[in-house]
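S.K.: Following this message is one structure expressed as structure tokens.
The values are calculated or read from the model by the stated rules, or taken from the named source; none is laboratory data. The model shown is predicted, which means the values in this text are computed figures rather than measured ones. Glycine gets a Cβ as well: all are built from the backbone with ideal geometry, and neighbour counts include every protein chain shown. In case anyone asks, the SASA skips ligands and DNA or RNA and just uses the protein heavy atoms, side chains included. Shrake-Rupley method; radii C 1.70, N 1.55, O 1.52, S 1.80 Å.
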Amino acid sequence: MSLLSVVDLAVARGGLRTVEGVSFTVDAGAALILRGPNGIGKTTLLRCLAGLQPPLEGRVIAAPDSIAYAAHADGLKTMLSVAENLRFWARVFDRDEIDAALEAMNLRDLAERPAGALSAGQKRRLGLARLLVTGRPVWLLDEPTVSLDADSVALFAAVIRGHLAAGGAAVMATHIELALPEAAILDLGGYRARPRAAGLRPAGFNEAFA
Amino acid sequence: MSLLSVVDLAVARGGLRTVEGVSFTVDAGAALILRGPNGIGKTTLLRCLAGLQPPLEGRVIAAPDSIAYAAHADGLKTMLSVAENLRFWARVFDRDEIDAALEAMNLRDLAERPAGALSAGQKRRLGLARLLVTGRPVWLLDEPTVSLDADSVALFAAVIRGHLAAGGAAVMATHIELALPEAAILDLGGYRARPRAAGLRPAGFNEAFA
Amino acid sequence: MTALLLRDLRLAIRAGGGFGLGLAFFLILCTLVPFGVGSDGDILGRIAPGILWVGALLACLLSLDRIFALDHEDGSLDLLATAPIPLEGAVAAKAGAHWLTTGLPLVVAAPLFGLLLHLPLQAVPNLLISLLIGTPALSMLGAFGAAITVGLRRGGLLLSLLVLPLYVPTLIFGAEAVRRGAAGMDATTPLIFQAAISLSTLALIPFAAAAALRINLR
Amino acid sequence: MTALLLRDLRLAIRAGGGFGLGLAFFLILCTLVPFGVGSDGDILGRIAPGILWVGALLACLLSLDRIFALDHEDGSLDLLATAPIPLEGAVAAKAGAHWLTTGLPLVVAAPLFGLLLHLPLQAVPNLLISLLIGTPALSMLGAFGAAITVGLRRGGLLLSLLVLPLYVPTLIFGAEAVRRGAAGMDATTPLIFQAAISLSTLALIPFAAAAALRINLR
Amino acid sequence: MMELGKYTQSVLTAYGVSVVAIVGLIVQSLWRNARARAALNRQEQSTKGGRDAR
Amino acid sequence: MSIWEYANPVKFMRLSGAVLPWLVPLAAICLLGGLIWGYSTPPDYRQGASVKIMFLHVPSAMMAINIWIMMLVASLIWIIRRHHVSALAAKAAAPIGAVMTLIALVTGAAWGQPTWGTWWEWDPRLTSFLVLFLFYLGYIALWEAVENPDSAADLTGVLCLVGSVFALLSRYAAHFWTQGLHQGSSLSVAPGERMSAVYRYPLYVCMIGFFLLFLILLLVRTRTEIRIRRTAALQAREARP
Ligand code: HEM
Ligand SMILES: Nc1ncnc2c1ncn2[C@@H]1O[C@H](COP(=O)(O)OP(=O)(O)OP(=O)(O)O)[C@@H](O)[C@H]1O
Ligand SMILES: Nc1ncnc2c1ncn2[C@@H]1O[C@H](COP(=O)(O)OP(=O)(O)OP(=O)(O)O)[C@@H](O)[C@H]1O
Ligand SMILES: [Mg+2]
Ligand SMILES: [Mg+2]
């Protein structure tokens, strides 16, 4: 069963299309890793999949309310404790179990610390734990392992494996090796957008006037 | 000739000491890589070396005005163009050459773009280019390669090598391989601070009242 | 939505006296004004309705950046926009939290400040009613302004330039109601107008604010 | 330091009419006050000195977060602190840029706003002089407040609580000078006091602000 | 010059300010337009892909 | 050929370039002629020489309102039909509207000086004009502040819609707030009394002159905006890796 499929997608950033003609399908239990040089449009593509920006062309097909997005920024409130941060997101997604998530990302010892007093890698772990409390099947991850040490990367890989085994799916943008040999890899380098053909809808002022 | 030496240093964060007893020396032309799990205190140590926080114990010996620090955040003004950002820092450090820095980090094409319109990796490249315009011999780098693609990491390694060859030095905190085999490695894992012995100066309220 | 409301309230309280700050600002304003205009009780009494209302606007204004800017910076807003809460609901919850921390304490404490400024006693009921009706509209319009300027990092001045003109009708009717109260006149008309403006603001502005947020997150 | 001053000015201008925003805010305030207190020219004329001065404080206040907060968030402040400029010099440069973008335009445009508020013509020279002397102190005190609160993400209210009390002496002498001007009296004494306050503020506060910054960066 | 009597001040203010404002607006518009045109020409010179010259 | 065709930048540049040379002399004749004619009218028996201000005040006041309405229409066209030139036209119109409002305010104030005895009176008509001026300022400031032109167009569009409603509300509120000194609408100096032809015809010419001036400035400024956008677009295309 395919949880997310993308058909001939084109996305734009800053009024210019970045990648186009992207098509893929992610089935339950599968992971896809997006690669490509800096600035090719990985972040833009993920934001489009998450519904934060409309696709310029093509379609994104996913069940409603099936997608959880983890951006560069972790969305933590520095004044709230680790547990409070997680509990808030759990409640937003209509759930109330956070212990499993704390356990999985090895945050139990830090549960009562204010999120502002965490180091870069600890913050990132908390950001990833958030995904576990959403209960959503499709995870979109933008450079998830930034700042993580080797142990935490392994922890993260284990969490991803668990999620896939439970019938979930994941799409990740990353520059480094993730220790997930089972994941498919899509290099966006080949989908770099060409200048807009006449007739096509302009992505914004920059394309309309160029 | 040693550009930076650290003697029996202890640093504290959030009122608790993080690492202690750290000693090392970095000579001209040498690089040191700090390693250690998340939260051990790499960022804290670097901030102390940069003079942003006083050492709790021990000493940092470096010539005045010899240190340039590059933090997690790149200190970019989103409204200014790439060239304007660099030129500002150049002027602050009493220099006015920015072309070499633009060239070295492959930013020439992006020079007129507002920094806010860069992708994560492009921003990071600009942040690293800033080091080149400071003209300072000792570079302190906190996770410099975050978000960089493979090509950019190679570029960065080349820049570091050039800096070392010109008699500079670098101290870097990182979790990933940097393709700098000549660099010495210091694992902070062994310097984790023990509970404060009586008699020692407390790091803050947290230790004074514990 | 309740979760969001509660979180925002908790954050306001953690951040150092959420409820108190607005009041303290108001108190300072009420002390500064006599320094500025002189301490003649008669004049003070006549300008009191205006000062109280303008003070309410400003207290509201100064806390507006809390509504969305912090959430935008730390990335929560992106995540909220992909959460199962409709964005309109999120806007309403956040404006509600803002009102509870700035508007409501003001309404409660307004009679006291009126006393400081020699406001005639018979104007107090009208003051209370008009603030109670009007401040929710202030919070909601403020949320709209905050949604438009989210991501623009240029201080409160632009925000106030956008928001304050929207406050004009509320201010006029509110101050007029208090003034009529002070003069012993009937104030039903301005209060009704004010209620109408507040109700339509509360009903329609969340959609405009959510649209602005979506544009800014794009 | 010149580089820093120029950069801050350029940022203020890029950010959309650095010079204009303060003025626009002032204009709004001068419009809102009559809505609040009524359109009676006589009363307006009597409270005009106070309103103008309180307006100057508020315009200053609303733009304070520009001074350090943005630089702290994007990390520039850390980098500036390790740069060869002494932190005291950086504080002075930033306060200077703030004054040039908020204080100065206000001084220039104040007579016009006086007209709107029916300020008697003979008070205008005193208004100009007192604003010219006083606003630099407002910017510098504001920089101090901004330095203390940098890194606390709780909106402008806390900042205004800290800063407004520091503004009181300047406000009192400034408004008094204008009021004396309006009444045709001699205003040398308040102006001298004000000048003394401003000078000592400019001389000493940069050190306090730099110390506060160092503590916050630690 | 016409005799304006006690209205001299207000009439002259009105005409003076209006003329200054209108001329100022016209000059600013033309100046900005000229600058934009020059910048565009420069840009099109350097881009060898300008499809239509404006 | 429908009006939407002109929302295409190329077509717009061509058409406006062709029309401008004809408009400029026409506007110059109407504006200068009207103002000179108006300035040389004889003093009114009640208002004396101050009627001369009318030839500036009334056209500018009318343009101030009409330009906002035009911006509202342009914003709607942008939001609904996504025609880029339409958004730029709204942006280009705002400073013209602000200046017109300013002229109306200043000339009104100058008119009020002899009539009411003060330069400024908090009359509802004048007050609602001041509020309109504030809305113009906010709109312009928002365009300036947003870097991304696509977001800027959308955000200012939303602001224009909401602002229009509140500008209207403010106008009614201001009328409620105090009784006015300003006379009512219609081309009459006092209610019920038709303005004599001596003043009416030069006034008409001035109105036409102001409208043509607005049209010219609008076209020029829109052309400027298009050029700026095109420059930025070419730069962006070049910089894209
Ligand atoms: C700042 C002050 C003023 C503003 C903003 C203002 C605004 C306006 C506006 C908007 C109109 C056009 C009304 C319409 O045609 O719908 C107008 C017309 C007019 N105003 Fe003023 N006004 C001001 C001061 C004055 C003063 C002091 C006088 C003189 C007594 C005056 C006399 C007139 C006259 C005679 C008309 C033309 C009659 C008409 O078309 O309605 N205005 N004013
Ligand atoms: N706010 C913006 N305005 C204009 N252009 C932008 C903006 N943000 C990004 N871009 C541009 O859009 C393109 C795609 O950016 P995106 O962030 O999607 O790249 P990415 O693949 O995620 O790169 P990275 O690996 O560096 O994170 C880049 O060329 C970038 O310069
Ligand atoms: N603001 C703060 N207040 C209190 N404690 C803090 C604060 N910031 C960090 N800490 C704690 O100080 C310790 C050291 O943090 P530091 O940021 O130096 O770690 P790090 O080695 O850089 O880790 P990482 O690899 O995750 O970046 C951590 O245990 C962290 O939880
Ligand atoms: Mg990215
Ligand atoms: Mg770190």
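S.K.: Please state which one of D:Ala69, D:Ala12 is modelled with pLDDT under 85, farther than 22 Å from D:Gly181 by Cβ, surrounded by 24 or more Cβ atoms within 10 Å (Cβ to Cβ) and more than 7 Å from every other protein chain (Cβ to nearest Cβ).
M.R.: Details: D:Ala69 fails: surrounded by 24 or more Cβ atoms within 10 Å (Cβ to Cβ).
Among D:Ala69, D:Ala12, only D:Ala12 is modelled with pLDDT under 85, farther than 22 Å from D:Gly181 by Cβ, surrounded by 24 or more Cβ atoms within 10 Å (Cβ to Cβ) and more than 7 Å from every other protein chain (Cβ to nearest Cβ).
S.K.: Is it fair to say C:Val168 is assigned to a helix (DSSP H, G or I) and away from chain D (no Cβ under 13 Å)?
M.R.: In short, no.
S.K.: May I ask you to verify whether B:Arg124 is out of contact with any helix residue (DSSP H, G or I) (no Cβ under 7 Å at 6 or more places or on another chain) and under 23 Å from A:Gly189 (Cβ atoms)? Break it down into steps so the answer makes sense when it comes.
M.R.: Numbers: out of contact with any helix residue (DSSP H, G or I) (no Cβ under 7 Å at 6 or more places or on another chain): yes; under 23 Å from A:Gly189 (Cβ atoms): yes.
Yes: the conditions hold for B:Arg124.
Results for (1) crowded, with 22+ Cβ neighbours inside 10 Å; (2) modelled with pLDDT of 85 or more, shown as yes or no for each residue.
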| site | (1), (2) |
| --- | --- |
| A:Pro144 | yes, yes |
| A:Val153 | no, yes |
| A:Ala158 | no, yes |
| A:Ala165 | no, yes |
| A:Ala169 | yes, yes |
| A:Ala198 | no, no |
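S.K.: Is it the case, given these coordinates, that A:Glu57 is more than 16 Å from ligand 4 (Cβ to nearest atom), without any contact (Cβ under 8 Å) to a residue 60 or more places away in the chain and acidic (Asp, Glu)?
M.R.: Against the criterion (more than 16 Å from ligand 4 (Cβ to nearest atom), without any contact (Cβ under 8 Å) to a residue 60 or more places away in the chain and acidic (Asp, Glu)), A:Glu57 does not qualify.
S.K.: Oh, and also: Within segment A:81-93, can one find any residue that is open to solvent by less than 60 Å² (accessible area, probe 1.4 Å) and within 16 Å of ligand 4 (Cβ to nearest atom)?
M.R.: no
S.K.: Oh, and also: Mind checking whether some residue in segment B:6-29 is away from ligand 4 (no atom under 16 Å from the Cβ), more than 8 Å from every other protein chain (Cβ to nearest Cβ), buried (at least 19 other Cβ atoms within 10 Å of the Cβ) and more than 23 Å from A:Leu118 (Cα to Cα)?
M.R.: There is at least one residue in segment B:6-29 that is away from ligand 4 (no atom under 16 Å from the Cβ), more than 8 Å from every other protein chain (Cβ to nearest Cβ), buried (at least 19 other Cβ atoms within 10 Å of the Cβ) and more than 23 Å from A:Leu118 (Cα to Cα).
S.K.: Which condition number in (1) assigned to a helix (DSSP H, G or I); (2) open to solvent by 10 Å² or more (accessible area, probe 1.4 Å) is the one that F:Ala110 fails?
M.R.: (2)
S.K.: While we're looking at this one, here's another question. Hey, can you tell me all the residues within segment F:113-139 that are within 8 Å of chain D (Cβ to nearest Cβ), open to solvent by 30 Å² or more (accessible area, probe 1.4 Å) and within 21 Å of the chain's Cα centre (by Cα)?
M.R.: F:Leu137
S.K.: Still on this structure, I have one more. Go through (1) more than 16 Å from ligand 4 (Cβ to nearest atom); (2) without any contact (Cβ under 8 Å) to a residue 12 or more places away in the chain and name the single condition B:Asp65 misses.
M.R.: Result: B:Asp65 fails condition (2) only.
S.K.: Still on this structure: Is it fair to say D:Ala59 is of a type in the set (A, V, I, L, M, F, W, C) and facing chain C (nearest Cβ under 7 Å)?
M.R.: no
S.K.: Give segment C:15-56 a look and list any residue that's more than 20 Å from D:Trp53 (Cβ to Cβ) and facing chain D (nearest Cβ under 8 Å), or say none. Can you show your working first?
M.R.: Of all residues in segment C:15-56, those more than 20 Å from D:Trp53 (Cβ to Cβ) come to C:15-24, C:41-42, C:45, C:49, C:56.
C:Ala15, C:Gly16, C:Leu21, C:Gly22, C:Ala24, C:Pro49, listed by residue number.
S.K.: So which pairs qualify, if the first residue must be in segment A:120-149 and hydroxyl-bearing (Ser, Thr, Tyr), the second must be outside any helix (DSSP H, G or I) and away from ligand 3 (no atom under 12 Å from the Cβ), the Cβ gap must be under 6 Å, and the two must be at least 6 apart or on different chains?
M.R.: As it stands, the answer is A:Thr134/A:Ala68; A:Thr134/A:Phe93, since those pairs meet every condition given.
S.K.: Within segment B:171-193, which residues are open to solvent by less than 40 Å² (accessible area, probe 1.4 Å) and of a type in the set (A, V, I, L, M, F, W, C)?
M.R.: Scanning segment B:171-193 gives B:Val171, B:Met172, B:Ala173, B:Leu178, B:Leu180, B:Ala183, B:Leu186, B:Leu188, B:Ala193.
S.K.: Then there's this: Could you check segment A:102-124 and list, in sequence order, the residues that are more than 16 Å from ligand 2 (Cβ to nearest atom) and closer than 23 Å to A:Leu32 by Cβ?
M.R.: Initially, segment A:102-124 is screened for residues more than 16 Å from ligand 2 (Cβ to nearest atom), giving A:102-123.
Residues satisfying the conditions are A:Ala104, A:Met105.
S.K.: A further question on this structure: Among the helices (runs of 4 or more DSSP H) contained in segment C:31-124, which hold 3 or more residues that are of a type in the set (Asp, Glu) and over 30 Å from D:Asp42 (Cβ atoms)?
M.R.: C:65-73
S.K.: Kindly provide the set of residues from segment A:150-189 that are in contact with a Gly (Cβ under 9 Å, 6 or more places away or on another chain), small (Gly, Ala, Ser) and assigned to a helix (DSSP H, G or I), ordered by number.
M.R.: Selection gives A:Ser152, A:Gly162, A:Ala165, A:Gly189.
S.K.: Quick check on my filter: what residues within segment A:132-149 are outside any helix (DSSP H, G or I) and either more than 16 Å from ligand 3 (Cβ to nearest atom) or small (Gly, Ala, Ser) (or both)?
M.R.: A:Gly135, A:Arg136, A:Pro137, A:Val138, A:Trp139, A:Leu140, A:Leu141, A:Asp142, A:Ser147
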